[in-house]
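Accompanying notes for the structure given below.
The values are calculated or read from the model by the stated rules, or taken from the named source; none is laboratory data. Values in this document were obtained by computation on a predicted structure and should not be read as measured data. Here the Cβ positions follow ideal geometry from the backbone for every residue, glycine too, while neighbour counts run over all protein chains shown.
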């Protein structure tokens with residue numbers, strides 16, 4: 001066999017091997033994250049996210065419709081909301097009484113003055129960080145909006161477990177936030193092709209210091 005023909009066959013073989021390995025080398029990984037407190041119980045309402053350390057993050061387009069945080073039963077619902085930078089959030093009042101939504105948090109200072117059931121324009125959350133919500137009329141009303149600059153995030157349900165899929169292989173910073181988190185539970189992890197790793201995050205929770213709902217004359221909470 002001529003040397004040129006042999007060299008051509010070897011080159012083609014190497015190319016076929018590279019092409020065969022390419023899907024595996026670039027396969028996306030999945031990371032399961034389980035949060036638990038000092039007693040080993042699952043933690044709900046923890047926001048977890050992964051930030052790529054060896055490549056810039058590409059944020060998806062924000063939702064076409066605003067995310068909704070209701071004012072209902074003189075409470076905010078949900079208590080914790082996780083969104084990406086650039087998301088609009090609306091705060092409909094489902095109660096028969098008026099509320100005054102506000103935040104003094106640095107990532108988003110705003111207020112929606114005293115209002116009833118009428119629609120108000122949504123609020124744009126354009127900076128990453130944690131935004132604490134309150135109501136100037138009802139002191140016990142509180143909630144949090146966690147604004148994240150990465151597409152890889154989730155909020156834990158009652159099981160304390162979430163799955164982040166579609167992760168390009170590489171190094172990531174795993175970050176965890178909870179309204180009562182004590183200390184820092186962040187860590188660096190590596191996602192490998194076709195990864196199915198589980199990260200168990202043990203966190204310490206501070207006592208719940210939320211204001212107790214004050215009763216009115218009929219015991220239904222003051223208005």
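Among (1) modelled with pLDDT of 95 or more; (2) over 16 Å from residue 149 (Cβ atoms), which single condition is residue 129 missing?
The number of the failed condition is (2).
Just one of 54, 95, 45 is surrounded by fewer than 13 Cβ atoms within 10 Å (Cβ to Cβ) and part of a loop (DSSP other than H, G, I, E, B); which is it?
Going through 54, 95, 45 in turn, just one is surrounded by fewer than 13 Cβ atoms within 10 Å (Cβ to Cβ) and part of a loop (DSSP other than H, G, I, E, B): 54.
Against the condition on the phi > 0 side of the Ramachandran plot and touching a strand residue (DSSP E or B) at 6+ places or on another chain (Cβ under 6 Å), how does residue 45 come out, does it pass?
yes
If residue 176 meets every condition in (1) at pLDDT 95 or above; (2) surrounded by 14 or more Cβ atoms within 10 Å (Cβ to Cβ); (3) in the same structural domain as residue 83 (by TED's automatic domain parsing) apart from one, which number is that one?
(3)
Test of understanding: among 153, 110, which residue is within 23 Å of residue 66 (Cα to Cα), buried (at least 17 other Cβ atoms within 10 Å of the Cβ) and in contact with a strand residue (DSSP E or B) (Cβ under 7 Å, 6 or more places away or on another chain)?
After applying the criteria, what remains is 153.
crowded, with 17+ Cβ neighbours inside 10 Å, under 19 Å from residue 154 (Cβ atoms) and not assigned by TED's automatic domain parsing to the domain that holds residue 178: does that describe residue 68?
So residue 68 fails the test.
Report whether or not residue 121 is loosely packed, with under 13 Cβ neighbours inside 10 Å, out of contact with any helix residue (DSSP H, G or I) (no Cβ under 8 Å at 6 or more places or on another chain) and on the phi < 0 side of the Ramachandran plot.
yes
Return only the number of the condition from (1) without any contact (Cβ under 8 Å) to a residue 24 or more places away in the chain; (2) closer than 22 Å to residue 208 by Cβ that residue 145 does not satisfy.
Among (1) without any contact (Cβ under 8 Å) to a residue 24 or more places away in the chain; (2) closer than 22 Å to residue 208 by Cβ, residue 145 violates only (1).
Being touching a residue at least 24 places away in the same chain (Cβ under 8 Å) and in a loop (DSSP other than H, G, I, E, B) is the filter here, so list the residues in segment 62-85 that pass it.
Within segment 62-85, 62, 63, 66, 69, 74, 78, 79, 85 meet the criteria.
Suppose we filter segment 187-214 for residues that are over 14 Å from residue 36 (Cα atoms), touching a strand residue (DSSP E or B) at 6+ places or on another chain (Cβ under 7 Å) and in a loop (DSSP other than H, G, I, E, B); how many remain?
Within segment 187-214, residues that are over 14 Å from residue 36 (Cα atoms), touching a strand residue (DSSP E or B) at 6+ places or on another chain (Cβ under 7 Å) and in a loop (DSSP other than H, G, I, E, B) number 5.
Identify, from the list 168, 193, the residue that is touching a helix residue (DSSP H, G or I) at 6+ places or on another chain (Cβ under 8 Å), over 19 Å from residue 67 (Cβ atoms) and not assigned by TED's automatic domain parsing to the domain that holds residue 83.
193
Looking at (1) assigned to a strand (DSSP E or B); (2) free of Cβ contacts under 8 Å to residues at least 60 places away in the same chain, can you tell me which one residue 105 breaks?
(1)
Matching residues to (1) surrounded by 14 or more Cβ atoms within 10 Å (Cβ to Cβ); (2) farther than 29 Å from residue 71 by Cα; (3) not assigned by TED's automatic domain parsing to the domain that holds residue 40:
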| position | (1), (2), (3) |
| --- | --- |
| 100 | yes, no, yes |
| 103 | yes, no, yes |
| 135 | yes, no, yes |
| 144 | yes, no, yes |
| 157 | no, no, no |
| 183 | no, yes, no |
